[in-house]
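The values are calculated or read from the model by the stated rules, or taken from the named source; none is laboratory data. What you see is a predicted model, and the numbers here were worked out from it, not measured in a lab. Here the Cβ is made from the backbone with ideal geometry for all residues, glycine too, and neighbour counts use every protein chain on show. For accessibility, only protein heavy atoms count, side chains too; no ligands or nucleic acids. Shrake-Rupley method; radii C 1.70, N 1.55, O 1.52, S 1.80 Å.
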Amino acid sequence: RPALVPSKGKHLVVADWSSIEGRVNPWLSNCPAGEAKLNVFRSGLDPYKVNAVASFGVAYDDVTSDQRQHGKVQELALGFLGGAGSVLTFGRVYGLHLTAVEIEQAIRVWRRANPWAIKHGQDLEEAYTRSMRNKGHEFRAGRVVYLYDGLHLWYALPSGRVLCYPYAKLEKDGVTYAKAAWKPAADATEWPRARLWRGLAVENVTQAVANDLLRHSLRQLDDVVLHVHDEIVI
């Protein structure tokens, strides 16, 4: 932001989405538990404070700033099916020094309050794995549809946009695909490959739908000069 300034007599107006990933993710699960999560946002409640209520057993209005920070770490670390390492990393980023016991409790409490999350990841994994075993057939998980054409693993978003994992293979430890890279390593004999797992699938579809919302909004607004992640600047 400091690198860009408006011309004389102009102002830059910046707006971003509030918890866009936290909203898209449960919406994509398309299940009652996901709707319950969305009701937190619909009611105007702070999801981080709601997490803190579940973790610390305090009233919503009594949640402290430190407890809210704890709830924020839970949301960011666990939404894409992260584990103890993810909680530890996000905790450090937000100034929390959590013990192993606190990390374990944070995971257990958040997952119990958000049963849609693990199921959503499992459903995605089952759908893309079944599609790899049944070439040419569509398999739905929540609001996402997978199809394997014998070469690439495709997935369709609610917007109708279609993305893919190129040159997908079903191997002993799961699905792998050709990984996008600027160029392979100097001694590589083939393009590098990555493993698709349920947490990555959740993140990919969530970020892709959030991007669809951004694209749609950009077409509705006048005088857009740039956009950065989930921010639009006019």
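Taking loop as defined by DSSP and a crowding limit of 14 other beta carbons within 10 Å, which chymotrypsin sites (Phe, Trp or Tyr not before Pro) in the range 68-129 fit? Each step should come with its number before you reach the end.
On the way: sites: PHE80, PHE90, TYR94, TRP110, TRP116, TYR128; in loops: PHE80, TYR94.
Taking the range 68-129 and a limit of 14 other Cβ atoms within 10 Å, the loop chymotrypsin sites (Phe, Trp or Tyr not before Pro) found are TYR94.
Mind checking which helices in the chain clear 27 Å along their axis (Cα) and have mean Kyte-Doolittle hydropathy of 1.6 or more, DSSP H runs only? Don't skip to the end; give the middle numbers.
Working: long enough: 115-133 (28 Å, -1.16); 198-220 (34 Å, -0.28).
None pass (Cα extent of 27 Å or more, hydropathy at least 1.6).
Tell me, what is the per residue accessible area of the chain in Å², probe radius 1.4 Å? List each step's numbers first, then the result.
Numbers: 13820 Å² over 234 residues.
About 59 Å² of surface per residue is accessible.
Loop only by DSSP, 16 or fewer other Cβ within 10 Å of the Cβ. Give me the chymotrypsin sites (Phe, Trp or Tyr not before Pro) in the range 139-234 that pass, ordered by residue number.
Values: sites: PHE139, TYR146, TYR148, TRP154, TYR155, TYR167, TYR177, TRP182, TRP197; in loops: TYR167, TRP182, TRP197.
When the chymotrypsin sites (Phe, Trp or Tyr not before Pro) of the range 139-234 are filtered for loop state and at most 16 Cβ neighbours within 10 Å, TYR167, TRP182, TRP197 remain.
Ratio of the range 96-234's C-alpha Rg to 2.2 N^0.38 Å, to two decimals?
Numbers: Rg = 18.5 Å, N = 139, 2.2 N^0.38 = 14.3 Å.
Working it through for the range 96-234, the quotient is 1.29.
List the GluC sites (Glu not before Pro) within the range 139-234 that DSSP assigns to loop and that have no more than 10 neighbouring Cβ atoms inside 10 Å.
Listed in order of number, the matching sites are GLU190.
I'd like the carbon and sulfur percentage of the solvent accessible area for the chain, probe radius 1.4 Å, heavy atoms only, ligands and nucleic acids excluded.
Details: 7390 of 13820 Å².
The C+S portion of the solvent-accessible surface of the chain is 53 percent.
Report the Cα-based extents of the chain along its three principal axes, largest first, to the nearest Å.
Over the chain, Cα extents along the principal axes are 55, 55, 40 Å.
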